[in-house]
Amino acid sequence: MSQTPALRIARSLAAMALTLLTLDLCWLGIAAKSLYDQGLASLRRPDVVVEAAVLFYAGYLGAIFVQAVRGAPSVAVAARRGAWLGLTAYGTYELTNWAVIRAWPAWLVPIDLAWGVVLTAAVAAVGRAVFGPVAK
């Protein structure tokens, strides 16, 4: 049975959201928590502004779908597009912070850039795999 385009998009976005949240929360809350605690302790809020996080994740998921998943002829192409988008997005954030925030740790920049590439490539690959074949 064929799925409607809207259902394919919804399934893809749901899989992408689950992947993005799972990987990023594991990274931020477990794997790299001590790095961020060490490097950003004086800059961090005691509590996360949930509304800001929701806005970021929703917008980023949309950008990944439009720029990396939609129209990609394969999972590999979507992953490459996602990697480039991750480098661009995380690069914008990291390099701007490093340029304008006095206490921004330079050693954190390459770590976050690498994470942005890996995370966004993985999310794009999952999104493309779930989206299914592209009509020719």
Checklist outcome for this item: Taking region 19-68 and keeping only residues that are aromatic (Phe, Trp, Tyr) and touching a helix residue (DSSP H, G or I) at 6+ places or on another chain (Cβ under 8 Å), one is left with TRP27, TYR36, TYR57, TYR60, PHE65
Checklist entry - Is at least one residue of region 9-20 under 13 Å from the mean Cα position of the chain (by Cα), outside any loop (DSSP other than H, G, I, E, B) and exposed (fewer than 15 other Cβ atoms within 10 Å of the Cβ)? => result yes
Next on the checklist: Just to be sure I understand, how many residues within region 105-136 are at pLDDT 95 or above and either of a type in the set (D, E, K, R) or farther than 21 Å from GLY62 by Cβ (or both)?
Outcome noted: 11
Checklist outcome for this item: Inside region 104-123, the number of residues satisfying the requirement of being without any contact (Cβ under 8 Å) to a residue 24 or more places away in the chain, touching a Phe, Trp or Tyr at 6+ places or on another chain (Cβ under 8 Å) and of a type in the set (Gly, Ala, Ser) is 1
Checklist entry - So which residues in region 75-94 are touching a helix residue (DSSP H, G or I) at 6+ places or on another chain (Cβ under 7 Å) and closer than 30 Å to SER42 by Cβ? => result GLY86, LEU87, ALA89, TYR90, GLY91, GLU94
Checklist outcome for this item: With the first residue restricted to region 52-74 and required to be closer than 19 Å to ARG128 by Cβ, and the second required to be of a type outside the set (S, T, N, Q) and not in a helix (DSSP H, G or I), Cβ contacts under 9 Å at 6 or more apart or on different chains are ARG70/VAL134; GLY71/VAL134; ALA72/VAL134; PRO73/VAL134; SER74/VAL134
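The values are calculated or read from the model by the stated rules, or taken from the named source; none is laboratory data. Keep in mind that this is a model prediction, so the values were computed, not measured. Cβ atoms come from the backbone with ideal geometry, glycine included; neighbour counts cover every protein chain shown.
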